[in-house]
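Below is one structure, written out as C-alpha cells, with a few remarks after it.
The values are calculated or read from the model by the stated rules, or taken from the named source; none is laboratory data. The structure displayed is predicted, hence computed values, not measured ones. Note: ideal-geometry Cβ built from the backbone for every residue, glycine included; neighbour counts use all protein chains shown.
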Amino acid sequence: MAKQGIFPYLQLTRPANVITAIADIWAGFAVAGAWDYMATDYVYGDGDFWWNLLWLSLSTIGLYAGGVAFNDIADAELDALERPERPIPSGRASKSYATLMSLALLVLGVVAASQVSWLSAGIAFGVAVFAVGYDYWGKHQRILGPINMGLCRSGNLLLGISVAPEVLEKIWPVALIPLIYVSAITMISRGEVHGKNRNALYFGGVMYGSIFLVIFAMAYIQSPGYLQVLPFLALLAYMIFPPLFKAIKTQEPKFIGKSVKAAVISLIIVNASIAAAFSGWPVGIIVLLLLPISLWLAKKFAVT
C-alpha cells in the first residue's frame, strides 16, 4: 500500500459521502432527544453524550467507508470496461489491499458501536451485512436493489437513535425517510453510464416529493414550531430538483450523474431537516454544518 500511496484507497471510501453518514448519526441523536439532554446537562451531562456521539460517528465512518469500498472491489471487472480511471482497474490501488482495508473498516464500525451498547453493535452489524449484500447482490436486482441500499441508510439512522433504546422502540418508522430517499437515488443512478432512464427519473422525483411531505408532517406532529423546518426543506429542494429536472430533460449520463451527486450530498440536508423537526432549528443547523465539509471533499474525491 505504501508503494502505491494512500490517496487511491481514500478515493475508494468516498470521503464526501462518509460525511453524509455522520449526519445520519447526528440526526438520530436528535430523534432520540440526546441533544436536548446535552443542552440541559441532564443524563448526558457526565460526558456520556460526547462519548456516545464519538463512538457512533466513528462506527458509521467505518461502516460507510468499508461498504462503499467493497462496492468498487465487487465492480472491478466491470469498471475495467466502463470506468477504467477508477483506483482498482487503473492499477493505482491493489484489490487485495483494498479488500483488507474494507474488512478492517467494517470491523471497526461494529466494534465502535459496541462501546455504546450491544443494541448499537447489532444494528451496526446489520448495516455492514446490508452494505456488502448490496455490493455483491442487491445492485443487480431491479426492485430489491434500491430497497437494499435504502436499508443501509435506514440502519444508519437507527444506529444514531439506538443511544436511547426506549425511543428507538417507539419511533423506528422514521427510518422509512432515508429508505425512500436513498432508494430513489439508487434507482436514478442506474442511468449514470448509459442514460435514457426517464421513467426512473420521474419516479425518483415523486419519491423525493414524498420525503418533503413526511418530514413536514413529522415536524407538525412533534412541535408547535413546525414552520422552522421549512427553510431546511427549501434548501433541500434547491439542491436536488434543478439537477433532476435537467437530467430528465437531457437524458444524458453526465447530467444524471450530477443529479445523483447533488442528491447524495443533500442527505445532510435531509438529516438536518429531521433534526430540526425533532429538536428544533439550532440542532438542525449543527447537522447542516457538515454540508460545507462534504461539498469541499466532493471537489477532491468522486461522490459516485
query = Are any of the residues in the stretch 271-289 in contact (Cβ under 8 Å) with a residue 12 or more places away in the chain and more than 23 Å from Ala34 (Cα to Cα)?
reply = no
message = Can you say whether Gly109 is part of a helix (DSSP H, G or I), in contact (Cβ under 8 Å) with a residue 24 or more places away in the chain and farther than 20 Å from Phe301 by Cα, as far as the supplied structure shows?
response = yes
task = State yes or no: is Val163 assigned to a helix (DSSP H, G or I) and either in contact (Cβ under 8 Å) with a residue 24 or more places away in the chain or crowded, with 24+ Cβ neighbours inside 10 Å (or both)?
result = no
request  = Taking the residues in the stretch 140-160 that are in contact (Cβ under 8 Å) with a residue 60 or more places away in the chain and of a type outside the set (S, T, N, Q) as candidates, determine which candidate is surrounded by the most Cβ atoms within 10 Å (Cβ to Cβ).
outcome  = Gly160
inquiry  = If a residue counts only when it is farther than 15 Å from Ile19 by Cα, which helices (runs of 4 or more DSSP H) contained entirely in the stretch 215-304 have at least 2 such residues?
reply    = 230-250, 253-265, 267-279, 281-288
ask   = Restricted to the stretch 248-285, and to residues that are under 10 Å from Ala27 (Cα atoms) and of a type in the set (S, T, N, Q), which residue is surrounded by the most Cβ atoms within 10 Å (Cβ to Cβ)?
value = Asn271
ask   = Has the stretch 49-63 got at least one residue that is surrounded by fewer than 21 Cβ atoms within 10 Å (Cβ to Cβ), part of a helix (DSSP H, G or I) and out of contact with any helix residue (DSSP H, G or I) (no Cβ under 9 Å at 6 or more places or on another chain)?
value = yes
inquiry  = So for the stretch 121-136 (the condition being in a helix (DSSP H, G or I) and either on the phi > 0 side of the Ramachandran plot or of a type in the set (S, T, N, Q) (or both)), does at least one residue qualify?
reply    = no
ask   = Quick one: Ala219 ticks every box in (1) under 23 Å from Val167 (Cβ atoms); (2) modelled with pLDDT of 95 or more bar one, so which box is it?
value = (2)
query = Within the stretch 286-300, is there a residue that is touching a Leu at 6+ places or on another chain (Cβ under 6 Å) and either over 29 Å from Gly67 (Cβ atoms) or surrounded by fewer than 23 Cβ atoms within 10 Å (Cβ to Cβ) (or both)?
reply = no
query = Applying the selection to the stretch 180-214, what residues are at pLDDT 90 or above, surrounded by fewer than 22 Cβ atoms within 10 Å (Cβ to Cβ) and of a type in the set (A, V, I, L, M, F, W, C)?
reply = Ile180, Val206, Met207, Ile211, Phe212, Leu213, Val214
